[in-house]
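*Asks:* Dumping the structure here so I can ask a few things about it.
Every read-out reported here was derived from the displayed coordinates using simple, explicitly stated rules and does not represent laboratory data. Everything numeric in this text was worked out from a predicted model, so none of it was measured. For neighbour counting, all protein chains shown are included, and Cβ atoms are generated from backbone atoms with ideal geometry for every residue, glycine included.
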Amino acid sequence: MRGDRLLSLVLLLQARPTAAAPDLAERLGVSVRTVLRDVEALSAAGIPVYTERGRGGGIRLLDTYRAGLAHLSRAEGAGLAVGQARLAGDLGLGDALDTALEKLTGAGGRALRGGLADARSHVLVDVDPWMRSGEPVPHLPAIHEALLRQRRISMVYRDSDDIRAGRTVDPAGLVAKAGVWYLVTAEPALLRVARVESCTVLDEPAHRPPGFDLEAAWSALREGVEARPRDLAVVAEARPEAAAMCRRLLARHLRNPAAGGTRLELSFNGVNHAVGSLLGLGTRLEVVEPPEVRDAMRAAALEVAAMYPM
């Protein structure tokens with residue numbers, strides 16, 4: 001265990017010109033005193049590590065020294081596989097990703113360290129859609145752990161019609177699509193992780209079909225969602241000053257995307273789908289037809305108004 005920690009300390013020092021002992025202690029999950037003892041042990045073993053006192057001081061490793069191996073942990077490898085910081089954070093792997101990058105840049109030397117710094121200062125990857133931040137997924141780390149351990153999951157799931165039901169599933173993979181996490185089960189089926197209201201990892205082994213291909217399963221499930229018939233036609237009238245914004249936000253529902261003006265012809269899977277998509281636009285848009293959608297919009301608006309009595 002100490003040998004792993006000493007190697008991790010060397011690789012962390014390679015990734016930083018100078019590191020403060022408290023920062024290293026936090027990274028390694030030990031006390032500052034332990035870090036200082038480890039520095040002494042490394043120095044006694046002939047590794048060129050030393051401390052500098054005073055303002056701007058810290059623990060240093062000669063830049064010419066290379067450990068040669070990244071020696072990543074399982075969590076750090078998983079963090080690298082995800083790659084994107086926010087998604088790794090959702091999985092509980094944010095710190096592991098940071099540490100893995102530090103180890104790799106340390107093993108790669110000054111050139112790789114400079115390249116990573118340049119990339120981070122010039123390129124930002126934002127996985128969330130416009131006007132929507134990432135949705136909370138408190139049960140995602142447990143689902144991820146069940147997936148890695150190949151264990152079944154017992155959960156309470158709320159579907160798109162707001163119906164809650166208990167179910168037991170065999171997890172087969174996780175997919176992040178436009179910042180939204182989905183669980184692919186062995187059936188296969190697709191569950192939105194944000195709709196999991198409770199989750200228990202069981203001791204029962206999960207059944208994952210031999211040769212299961214996550215990418216192929218996801219492609220088939222995605223095609224099923226995208227090909228789902230939207231047979232409810234809705235006509236709405238947008239305020240002139242809001243027409244462009246409404247068209248942009250409702251682009252995937254437009255029946256004639258090339259048309260302009262304030263009149264929007266839309267398609268939805270059903271009344272609930274239409275209300276959920278249109279209510280957030282408030283008074284910027286009025287549903288003209290069909291009557292059942294107008295009635296549902298009015299009922300939903302009255303429910304919202306009732307929450308804020310005078």
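*Asks:* Which of rounded, prolate or oblate describes segment 214-264 when judged by the alpha-carbon gyration tensor and an a/c cut-off of 1.5?
*Replies:* prolate
*Asks:* Follow-up. Using a Gaussian network model of the chain with C-alpha springs under 10 Å, which one of 159, 98, 118 is most mobile by mean-square fluctuation?
*Replies:* 118
*Asks:* Please list 3J(HN,Hα) in residue order for segment 44-51, calculated via the Karplus relation 6.51 cos²θ - 1.76 cosθ + 1.60 where θ = phi - 60°; whole Hz, with x for glycine and proline.
*Replies:* Calculated HN-Hα couplings, in order: 5, 7, x, 7, x, 10, 8, 10 Hz.
*Asks:* Using 1/(1 + (r/R0)^6) with R0 = 22 angstrom and r between the beta carbons of residue 118 and residue 84, what's the FRET efficiency to the nearest 0.05?
*Replies:* 0.75
*Asks:* Mind checking the angle between helix 140-149 and the chain's longest principal axis? C-alpha axes, 0 to 90 degrees, to the nearest 10.
*Replies:* 60 degrees
*Asks:* Whole-Hz ³J(HN,Hα) for each residue in segment 286-302, computed from phi via Karplus 6.51 cos²θ - 1.76 cosθ + 1.60 with θ = phi - 60°, x for glycine and proline: what do you get?
*Replies:* Whole-Hz 3J(HN,Hα) from phi for segment 286-302: 10, 6, 8, 7, x, x, 5, 6, 4, 5, 5, 5, 5, 4, 5, 5, 5.
*Asks:* What base-10 log of the normalised intensity I(q)/I(0) is obtained for segment 113-264 from the Debye formula, alpha carbons as equal point scatterers, at q = 0.15, 0.21 Å⁻¹?
*Replies:* Results for segment 113-264 at q = 0.15, 0.21 Å⁻¹ read -0.95, -1.28.
*Asks:* Starting at the first residue of segment 186-203, write each ³J(HN,Hα) from the Karplus equation 6.51 cos²θ - 1.76 cosθ + 1.60 with θ = phi - 60°, in whole Hz, x for Gly and Pro.
*Replies:* In residue order, the calculated couplings are 5, 4, x, 9, 10, 10, 7, 4, 5, 8, 7, 9, 8, 8, 10, 7, 8, 7 Hz.
*Asks:* Treating the beta-carbon of each Lys and Arg as +1 and of each Asp and Glu as -1, no other charges, what is the dipole magnitude of the chain about its Cα centre, to the nearest 20 debye?
*Replies:* 840 debye
*Asks:* How large is the Kirkwood hydrodynamic radius of segment 207-292, counting all unique pairs of alpha carbons, in Å?
*Replies:* With all distinct Cα pairs of segment 207-292 included, I get 14.6 Å.
*Asks:* Grab the DSSP H runs of the chain that are 4 residues or longer, score each as -39,500 (n - 2.57), total them, divide by all residues and round the 222 nm result to the nearest 500 deg cm²/dmol.
*Replies:* It comes out at -13000 deg cm²/dmol, rounded to the nearest 500.
*Asks:* Would you work out if segment 144-188 is rounded, prolate or oblate? Take a ≥ b ≥ c from the square roots of the eigenvalues of the alpha-carbon gyration tensor; rounded if a/c is under 1.5, else prolate when a/b is larger than b/c, oblate otherwise.
*Replies:* The shape class here is oblate.
*Asks:* Further question on the same structure: Could you pull out the trypsin sites (Lys or Arg not before Pro) across segment 130-185 that fall in loop regions by DSSP (anything but H, G, I, E, B) with no more than 11 other Cβ atoms inside 10 Å?
*Replies:* When the trypsin sites (Lys or Arg not before Pro) of segment 130-185 are filtered for loop state and at most 11 Cβ neighbours within 10 Å, 132 remain.
*Asks:* Identify which of 97, 140, 28 has the largest mean-square fluctuation in a Gaussian network model of the chain, with springs joining Cα atoms closer than 10 Å.
*Replies:* Fluctuation is largest for 28.
*Asks:* From the P(r) of segment 271-310, can you give the percent of Cα pairs sitting at distances over 14 Å?
*Replies:* Distances greater than 14 Å cover 43 percent of the Cα pairs.
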